[in-house]
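Shown next, in structure tokens, is the structure this report addresses.
The values are calculated or read from the model by the stated rules, or taken from the named source; none is laboratory data. For clarity, every value in this text was computed on a predicted model and none was experimentally measured. Reconstructed Cβ throughout: ideal geometry from the backbone, glycine too, with neighbour counts over all protein chains shown.
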Amino acid sequence: METVILAVVIAVVVLGAIGGLVVSGRKKKQLPPSPPAAPSAPATPSVTAPPAEPHIGEEAETPHDEERRTIEEVGLPEAAEAEVPTVTPEVPAVEVPEPTAGRLVRLRARLSRSQNTLGKGLLTLLSREHLDDETWEEIEDTLLTADVGVTPTQELVERLRERVKVLGTRTPEDLRALLREELLSLIGTDADRSVHTHNGIGTNGDEIPGVVMVVGVNGTGKTTTTGKLARVLVADGKSVVLGAADTFRAAATDQLQTWGERVGARTVRGPENGDPASVAYDAVKEGIAEGADVVLIDTAGRLHTKTGLMDELGKVKRVVEKHGPVGEVLLVLDATTGQNGLVQARVFAEVVDITGVVLTKLDGTAKGGIIVAVQRELGVPVKLVGLGEGADDLAPFEPEAFVDALIG
Ligand SMILES: Nc1nc2c(ncn2[C@@H]2O[C@H](COP(=O)(O)OP(=O)(O)OP(=O)(O)O)[C@@H](O)[C@H]2O)c(=O)[nH]1
């Protein structure tokens, strides 16, 4: 019996002691709840252990080691891996130029702004109640001021006089239709205005890329036009190689290369002041090797009065022709230079057969009539017009859209 009592007393004491330990343990754990741990938490927000309020009892019994394991389990390594930035090789962005169809219509606002005097001026004069000699003279002056040229102006005035006489009433619609028709016949709607970029047959009998040479006096916009034309061709799905045969001006070569890089076209360049004919030859050779569709050759600006430079241009063309035919020789004319452009055109045409004209800076002049004059002078069509300094401001020349922009 005594033994039993002793055993019960021991059991009570032991239980009491255990109870006391548990309570003191709880108190210890509850005293510093979590504030000290909390500040360290934000350092690694994505990997913090999940329960904010862990089970007190468990926490008290959980060894410290186990907590670390739990954090590892959350996947620190993966998180760290995810944060490693992926290194991609730097590739220059290749632009996708705007399609060329309908560009002139899109750029119509620029055209009508610069050519207002011509189209609207003519319409206003033709709408006068009395079309006397003085009025016809004013019409003639308007055309001459716009650089249409003497002979085409006289022809147009004559035709308009005849047709207005026949016309009974002169409603604004009648006059607009009549003027549209006459201006269109003056500019011509039948000419082939496409830039010839199709493949040619090389001197060795194999197919070679279409070759286009861009020529003109200094500062007319040759390099810019070559770059813009490369974009037009790329937009139309063709592969292009550029030849920087303007070896006089290092900046022109860099400029051309930049244009090319923007659309993913390779530029063949030579040493500064090197032989332009040799660069042009190499460019076509590269075009053949690459199987490119078109090779565009930018030449140095040269004054038509400098015979030596003009002879050099002839040589560039002849050297290129050792590979095969040059499909297109584009003469770049600055529309703001007016009648002087015609003199240039004549000399360039003698040295290299011009096959098409690019009229640049038409956005900055009211002298759009030069289109008529230059076509008459050279007997070759205006194929492209420049209407601004923007990369896609070169448009295929469409007579209808041009005349519509003139007369509104
Ligand atoms: N407003 C306007 N500016 C143009 C147009 N075309 C070219 N330009 C500008 O004309 C200037 C001369 O252009 P370039 O292409 O360097 O002329 P370039 O004929 O190659 O010059 P050189 O190599 O010195 O003979 C540049 O500032 C062009 O941005 C156009 O259609 N409109």
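Summary of computed values
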read-out	value
Residues satisfying the stated conditions in the stretch 264-301, i.e. within 14 Å of the ligand (Cβ to nearest atom), closer than 19 Å to E328 by Cα and assigned to a loop (DSSP other than H, G, I, E, B)	A300, G301
Complete set of residues in the stretch 117-165 that are of a type in the set (S, T, N, Q) and outside any helix (DSSP H, G or I)	S127
Matching residues, the stretch 296-327, being surrounded by fewer than 22 Cβ atoms within 10 Å (Cβ to Cβ) and acidic (D, E)	D311, E312, E321
Cβ-Cβ under 8 Å pairs, at least 6 apart or on other chains, the stretch 375-400 side on the phi < 0 side of the Ramachandran plot, far side among the aromatic types (F, W, Y) and in a loop (DSSP other than H, G, I, E, B)	P381/F397; V382/F397; K383/F397; L384/F397; V385/F397
Of all residues making up the stretch 237-263, the number that are over 13 Å from the mean Cα position of the chain (by Cα) and away from the ligand (no atom under 14 Å from the Cβ)	5
Residue check, L309 within 15 Å of N218 (Cα to Cα), free of Cβ contacts under 8 Å to residues at least 12 places away in the same chain, more than 29 Å from the chain's Cα centre (by Cα) and not in a strand (DSSP E or B)	yes
Single residue of the stretch 183-211 satisfying the filter (loosely packed, with under 14 Cβ neighbours inside 10 Å and charged (D, E, K, R)) that is farthest from I354 (Cα to Cα)	D206
Single residue of L122, L111 found to be farther than 30 Å from K228 by Cα and touching a residue at least 60 places away in the same chain (Cβ under 8 Å)	L122
Among residues of the stretch 383-402, those that are in a helix (DSSP H, G or I) and either of a type in the set (V, I, T) or in contact with a Gly (Cβ under 9 Å, 6 or more places away or on another chain) (or both), counted	3
Hey, T197 part of a loop (DSSP other than H, G, I, E, B), within 16 Å of the ligand (Cβ to nearest atom) and out of contact with any Pro (no Cβ under 7 Å at 6 or more places or on another chain) or not	no
Filter result for the condition that a residue is surrounded by fewer than 22 Cβ atoms within 10 Å (Cβ to Cβ), within 16 Å of the ligand (Cβ to nearest atom) and assigned to a loop (DSSP other than H, G, I, E, B), over G168, G219	G219
Which numbered condition T224 misses (of (1) part of a helix (DSSP H, G or I); (2) touching a Ser or Thr at 6+ places or on another chain (Cβ under 8 Å); (3) away from the ligand (no atom under 13 Å from the Cβ))	(3)
Total residues in the stretch 206-216, condition at pLDDT below 95 and outside any strand (DSSP E or B)	2
Enumeration of residues in the stretch 355-380 that are β-branched (V, I, T), buried (at least 22 other Cβ atoms within 10 Å of the Cβ) and not in a helix (DSSP H, G or I)	V357, V358, T360
